[in-house]
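One structure below.
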Amino acid sequence: MRERPDPIRLGMVGGGAGAFIGAVHRTAARLDGNYTLLAGALSSQPERALASARDLGLPRGYDSWEAMLEGERALPEGQRIEAVSIVTPNHMHYPVARAFADAGFHVICDKPLVHSSEQAAELVRLARQRGIVFGVTYNYTGYPMVMEARRRIDEGSLGALRKVIVEYNQGWLATKLEDSGSNKQSEWRTDPARSGIGGAIGDIGSHAENLASAVTGLQLEALCADLTTFVPGRRLDDDANVLLRFAGGARGVLIASQIEVGEENDLRIRVYGERGSLTWHQEDPNALILKTLDGPTQILTRGNAYLGPRASAATRTPPGHPEAFLEAFGNIYTALADAIRGDADARYPSVADGARGVHFIEATVASAASDQKWTPAHYAPEA
């Protein structure tokens, strides 16, 4: 039997008591036994950071991320963390990621990556210069049927692509929840200082953009955006409608809204080609619908032998036993673990994908503020 490699020594910044996403990341990291969480600076409040570390039983708790960086660097190489997971509000992504990347630690960062293209370019440069693995947790690309959708498109099942429709519909911010004092997520996600220049377009529109790219492989060339703030007094957009033009001639529509009453996490994509189409829906994630010009509609489901190797490898349970959000997150963490261990074929959302997402947000905000119909949106990372 092949010997299992030692778990990767992981640290975490953010994600302490009361933080939903921190628990998700910790579960994902544990899911396949690829990581052991050794250290954390789990809050911007020192007492809460230390208390959260004690509650989780971490061997090393720190009262700030700066103390964690200094403390881990001082440890012998075989004891210090190898990678850091950053699950803070958006405004802290850049300083933390930059410092740990510059020190040679692998980085796993929540999305959107940072606040500006300049910051994103610096992280891309640092990751390349230091030779580290730097992943961004666009978790929806971890679903097996998303991987299968990309395989079917790459193999030509749809023919040349013509149209892409991607939507992320939510309703949780249909009222001014950020003023209630009862929801931390709504407070920072609607605050430009912490969230960045995009509201719904940055929070969930970035997921929609990444899903469209991951599934189709198309390169965005230009966009025409309409951003709206429906809730009075809110400082960022809560509804986005965007027309897309891709290299090669395909067209698209992207919708990202957080004021659609009754919607939960309705992320979905439809891709149409010359000979066929496919549909995937995050709220029914184990199925992929494939339609062709001259054949019956097929509903492909997770865990079956007819799927490709990536979708099969990303599956843990037999067909009919649902796998979803946490497992998709786990697939991203497992792919990053493979990359950290030197697997050149590991596929995961990279720092360049995160930088492209930041560029997309900026282009969308610029388009919405412009009288010009089309705004260039092509992302070309620096050589």
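Read the figures in this text as sums done on the coordinates, not as results from a lab. Because the structure is predicted, anything quoted here is derived from the model rather than measured. As a convention, Cβ positions derive from the backbone with ideal geometry for all residues, glycine included, and neighbour counts pool all protein chains shown.
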Margin query: Explain nothing, just compute: Karplus ³J(HN,Hα) = 6.51 cos²θ - 1.76 cosθ + 1.60, θ = phi - 60°, for every residue of the range 119-136 in order, whole Hz, x for Gly and Pro.
Written below: 5, 4, 4, 5, 5, 4, 4, 5, 4, 5, 5, 8, x, 9, 8, 9, x, 10
Notebook entry, point to check: Can you run phi through the Karplus equation (6.51, -1.76, 1.60; θ = phi - 60°) for the range 104-116 and list ³J(HN,Hα) in whole Hz, with x for Gly and Pro?
Noted result: x, 7, 5, 10, 10, 10, 5, 9, x, 4, 8, 8, 8
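Give the calculated FRET efficiency between A17 and R130 to the nearest 0.05, with a Förster radius of 45 Å applied to their Cβ-Cβ distance.
Details: r = 32 Å, r/R0 = 0.72.
Efficiency computed from Cβ-Cβ geometry: 0.90.
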Notebook entry, point to check: In nanometres, what is the gap between the two model label sites at E118 and H281, each 7 Å from Cα along Cα-to-Cβ?
Noted result: 4.5
Next item on the list: Report which label in [x] 149; [y] 185; [z] 120 holds the value of volume of the Cα convex hull per residue in Å³ derived from the coordinates of this structure.
Entry: [x]
Note to self: Give the aspartates and glutamates reachable from K176 as a straight Cα distance under 13 Å; neighbours fewer than 8 places away on the same chain don't count.
What the structure shows: E187, D191, D237, D238
Check: Each residue of the range 205-215 in order: what ³J(HN,Hα) in whole Hz does its phi give by Karplus 6.51 cos²θ - 1.76 cosθ + 1.60, θ = phi - 60°, with x for Gly and Pro?
Finding: x, 5, 5, 5, 4, 5, 5, 4, 5, 5, 6
Check: Quick one: if you stick a label point 7 Å off each Cα along the C-beta vector at E47 and R251, how many nm between them?
Finding: 6.0
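For I361, I108, what's the fewest-to-most ordering of other Cβ within 10 Å of each Cβ? Each step should come with its number before you reach the end.
Working: I361 24, I108 27.
Ordered by Cβ neighbours within 10 Å, fewest first: I361, I108.
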Item checked: Restricting the range 156-218 to trypsin sites (Lys or Arg not before Pro) in coil, as DSSP defines it, with at most 14 other Cβ within 10 Å -> K176
Notebook entry, point to check: Cα gyration tensor of the range 8-139, axes a ≥ b ≥ c as square roots of the eigenvalues: rounded (a/c below 1.5), prolate (a/b > b/c) or oblate?
Noted result: rounded
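Relative to the present Cα-Cα distance, how much length would full extension add between R316 and L243 at 0.36 nm per residue of separation? Walk me through the intermediate numbers first.
On the way: separation 73, 0.36 × 73 = 26.28 nm, distance 3.71 nm.
Difference between extended and current length: 22.6 nm.
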Checklist line | Interchain or long-range residues, amide H under 5 Å from E221's placed H | finding: R245, F246, A247
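So what's the net charge close to G14: Lys and Arg +1, Asp and Glu -1, counting the other residues with Cβ under 13 Å from its Cβ? Don't jump to the answer; show the numbers that get you there.
Numbers: positive: R26, R48, K184, R194; negative: D110.
Here the count lands on +3.
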Notebook entry, point to check: Scattering from the C-alpha atoms of the range 160-271 alone, worked out with Debye: what is log10 I(q)/I(0) at q = 0.13, 0.18, 0.19, 0.21 1/Å?
Noted result: -0.49, -0.84, -0.92, -1.06
Note to self: Taking a virtual spin label 7 Å from the Cα of R347 along the C-beta vector, which residues in the range 321-337 bring their backbone nitrogen under 18 Å of it?
What the structure shows: 328-337
Check: When the helix-only estimate is applied to the chain (DSSP H runs of n ≥ 4, each -39,500 (n - 2.57), divided by the residue count), what is the mean residue ellipticity at 222 nm, nearest 500 deg cm²/dmol?
Finding: -10000 deg cm²/dmol
Check: K373: which aspartates and glutamates have alpha carbons under 18 Å from its alpha carbon, excluding same-chain residues fewer than 8 sequence positions away?
Finding: E221, D226, E362
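Check each of the GluC sites (Glu not before Pro) in the range 280-370 and keep only those in coil by DSSP with at most 14 other C-beta atoms within 10 angstrom; list them in order. Each step should come with its number before you reach the end.
Values: sites: E283, E323, E327, E362; in loops: E283, E323.
Those that pass, being in a loop and sparsely packed, are E283.
Got the relative contact order for the chain handy, in percent, Cα pairs under 8 Å and 6 or more residues apart? The partial results should precede the final answer.
Working: 846 pairs, mean separation 73.2, N = 383.
Rounded, it is 19 percent for the chain.
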